[in-house]
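Written out below as structure tokens is the structure these notes cover.
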Amino acid sequence: MSSQSSSSPPPQRVHKLADYESIVGAEVLEDLRTFADNISGKTVIHVNSTRAGGGVAEILFRLVPLMREIGLNAKWEIIKGDAQFFESTKAFHNSLQTGARLATKESFDHFIRKTEENLREMSLDGDTMFIHDPQPIGLIAKRKSNAKQLWIWRCHIDVSNPEREVWNFLAKYVNQYDAAVFSTPSFARSDLKIPQFMVSPSIDPLSDKNRSLPETFIDRVLSKYELDSEKPLITQISRFDYAKDPIGVIQAFKLVSDHIDCQLVLAGSLADDDPEGMEVYSKVVKAAEGRKDIHILLIPPFSDLEINALQRASTIILQKSIKEGFGLTVAESLWKAKPVIAGATGGIPLQVKNGLTGFLVHNIEGAAYRMRYLLRNPDIAARMGLNGREHVRQNFLITRHLGEYLLMILSLENHAKGERFSNRFEEKEEEEAAAAQTHTVIPQTHPK
Ligand code: UDP
């Protein structure tokens, strides 16, 4: 599947920085403007492998326009790949996150071949390049040796216990970057030779995915999907991916619905760069066979308003991942004041504070136990939801994310300037030493 086949995001309203003031306060925006003044007009290019599906596309869809709004020349580019390329990168992804040996010699060779094609086709002449995740990592070969470009590898996945062969293969690329950025401190790597930054992803409170919605719209979405507005609703929104444990969600729900009358929605789409989606979807449909209270929804990409409505209509939100990068769906749900029951993996523990904004779980029985608890204690569920919204407001909104990127660019630029200055200084010292030597040498060798 070529990423070129992906549909493009629909036009969106570009918000002004001032639109965020009522949510984050004037001070945050003042800081952002100050950082932005120092780098306005610079070209920042983000590169990833899909415009549709998954958290990276979701973030860039909102962050790139906001970067433009504050005066950067921000662009978003996509690499091209065929089915074999995305099968190879999915094998890398699964190897990195699970430690299993899944990549073959052919997958490494094909990755290199497609990377070379992308290198020939893309110009990548920005001041700062953000290369997201492993798929486009080889674009670093495009770095101009004499240019003052910054190349940043932005890693969104869990590489804390990777399969060695895949990690060693990728680390050769990573070490050519100026810096690597990870979503949570537990992903940082002690074997990298470059600076590492910790920047959590974020959600945009003004996007269609997260803005408040009229009740009438939410009701329409519920009836479209034949959901009962009177019954508790448990929801997981995810790509159909084994790492999100959709089958585990169904099993946990079955343990709950034996005791409490409720309904489950598992909603997701297929991502262009994820070839496993259809296989997982078919298994999920089979696992839910014969159950009227389990709704498996295959929704088209860019169904942001509908996903927003499903999250808002939910009593509890699940994100029962076994492996996770950051888990943007968790922030989205907490922002809607919903308690979240989620796997204790990746960036989820940054968001789900156990017993405060939801519950961290380690298995199917744990998820079922916490669901029953929250369904029977709606007051506690409501309080957790409010805690969650505040936690997201303080930590996981797009304004904080933008500010950290700007600061990182500024600090790396200053560091590079410092190095150039110290190199010039060293060169000057060497020249002076050489000249001094010449002075001393010449008289000695000069015939008397
Ligand atoms: N998402 C979506 N449609 C879907 C499934 C997911 O728009 O059918 C969005 C979801 O709302 C979230 C992102 O895709 O914004 C998923 O990000 P997350 O970090 O949770 O997981 P990833 O897919 O990147 O592993």
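The values are calculated or read from the model by the stated rules, or taken from the named source; none is laboratory data. Note that the structure is predicted; figures quoted are calculated from it, not measured. A quick note on method: Cβ atoms are made from the backbone with ideal geometry, for glycine too, and the neighbour counts reach across all protein chains shown. Note: areas computed on protein heavy atoms with side chains; ligands, DNA, RNA excluded. Shrake-Rupley method; radii C 1.70, N 1.55, O 1.52, S 1.80 Å.
Name the single residue that is surrounded by the fewest Cβ atoms within 10 Å (Cβ to Cβ) among those in segment 363-380 being more than 10 Å from ILE341 (Cβ to Cβ) and of a type outside the set (Lys, Arg).
Step by step, filter segment 363-380, then rank; the result is ASP379.
Can you say whether LYS80 is of a type in the set (D, E, K, R), within 21 Å of the chain's Cα centre (by Cα) and more than 20 Å from SER183 (Cα to Cα), as far as the supplied structure shows?
For LYS80, the condition - of a type in the set (D, E, K, R), within 21 Å of the chain's Cα centre (by Cα) and more than 20 Å from SER183 (Cα to Cα) - is met.
Report yes if some residue within segment 55-73 is open to solvent by 20 Å² or more (accessible area, probe 1.4 Å), at pLDDT below 95 and small (Gly, Ala, Ser); otherwise report no.
yes
Have a look at THR128, THR98 and point out the one that is hydroxyl-bearing (Ser, Thr, Tyr) and open to solvent by less than 30 Å² (accessible area, probe 1.4 Å).
THR128
Provide a single number: the residues in segment 235-266 that are within 16 Å of the ligand (Cβ to nearest atom), open to solvent by less than 10 Å² (accessible area, probe 1.4 Å) and outside any helix (DSSP H, G or I).
7
All but one of (1) open to solvent by 20 Å² or more (accessible area, probe 1.4 Å); (2) of a type outside the set (Ser, Thr, Tyr); (3) within 14 Å of the ligand (Cβ to nearest atom); (4) modelled with pLDDT of 95 or more hold for VAL284, so report the exception by its number.
For VAL284, the exception is condition (1).
Every residue, every condition in (1) among the acidic types (Asp, Glu); (2) within 22 Å of ASN308 (Cα to Cα), yes or no:
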| site | (1), (2) |
| --- | --- |
| LEU222 | no, yes |
| LEU227 | no, yes |
| GLU230 | yes, yes |
| ILE234 | no, yes |
| SER238 | no, yes |
| LYS254 | no, no |
| ASP258 | yes, no |
| ASP261 | yes, no |
| ALA267 | no, yes |
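What about ASN48, is it under 28 Å from LYS209 (Cα atoms) and either open to solvent by less than 10 Å² (accessible area, probe 1.4 Å) or of a type in the set (Asp, Glu) (or both)?
In short, yes.
Looking at segment 48-59, I want the residues that are within 18 Å of HIS93 (Cα to Cα) and have a partner that is modelled with pLDDT of 90 or more and of a type in the set (D, E, K, R) with Cβ atoms under 8 Å, at least 6 apart or on another chain. Which pairs are those?
ASN48/ASP133; SER49/ASP133; GLY53/ARG239; GLY54/ARG239; VAL56/ASP133; ALA57/ARG51
Out of (1) more than 25 Å from ILE59 (Cα to Cα); (2) surrounded by 15 or more Cβ atoms within 10 Å (Cβ to Cβ), what's the single condition that is false for PHE182?
The failed condition is (1).
When segment 302-316 is examined, which residues are found to be within 11 Å of the ligand (Cβ to nearest atom), of a type in the set (A, V, I, L, M) and either in a strand (DSSP E or B) or surrounded by 21 or more Cβ atoms within 10 Å (Cβ to Cβ) (or both)?
Scanning segment 302-316 gives ILE307, LEU310.
Scan segment 139-161 for residues that are open to solvent by less than 20 Å² (accessible area, probe 1.4 Å) and out of contact with any Asp or Glu (no Cβ under 8 Å at 6 or more places or on another chain) and jot them down.
Residues satisfying the conditions are LEU139, ILE140, TRP153, VAL159.
When segment 267-281 is examined, which residues are found to be more than 14 Å from the ligand (Cβ to nearest atom) and buried (at least 16 other Cβ atoms within 10 Å of the Cβ)?
PRO275 - this is the single residue of segment 267-281 that is more than 14 Å from the ligand (Cβ to nearest atom) and buried (at least 16 other Cβ atoms within 10 Å of the Cβ).
Name every residue in segment 349-362 that is within 15 Å of the ligand (Cβ to nearest atom) and crowded, with 24+ Cβ neighbours inside 10 Å, in order of residue number.
GLN351, VAL352, GLY358
Could you tell me which of the residues SER238, SER223 is touching a Gly at 6+ places or on another chain (Cβ under 6 Å) and at pLDDT 95 or above?
SER238
Select from segment 60-87 the residues that are in a helix (DSSP H, G or I), in contact (Cβ under 8 Å) with a residue 24 or more places away in the chain and touching a strand residue (DSSP E or B) at 6+ places or on another chain (Cβ under 6 Å) and write down the one among them that is nearest to the ligand (Cβ to nearest atom).
So, considering only residues that are in a helix (DSSP H, G or I), in contact (Cβ under 8 Å) with a residue 24 or more places away in the chain and touching a strand residue (DSSP E or B) at 6+ places or on another chain (Cβ under 6 Å), the one nearest to the ligand (Cβ to nearest atom) is LEU60.
Among the candidates LEU124, LEU119, LEU150, which residue alone is within 20 Å of THR50 (Cβ to Cβ) and touching a residue at least 24 places away in the same chain (Cβ under 8 Å)?
Result: LEU124 is the single residue among LEU124, LEU119, LEU150 that is within 20 Å of THR50 (Cβ to Cβ) and touching a residue at least 24 places away in the same chain (Cβ under 8 Å).
Being at pLDDT 95 or above, farther than 19 Å from MET371 by Cα and among the aliphatic types (A, V, I, L, M) is the filter here; which residues of segment 244-281 pass it?
Of everything in segment 244-281, just one residue is at pLDDT 95 or above, farther than 19 Å from MET371 by Cα and among the aliphatic types (A, V, I, L, M), namely VAL280.
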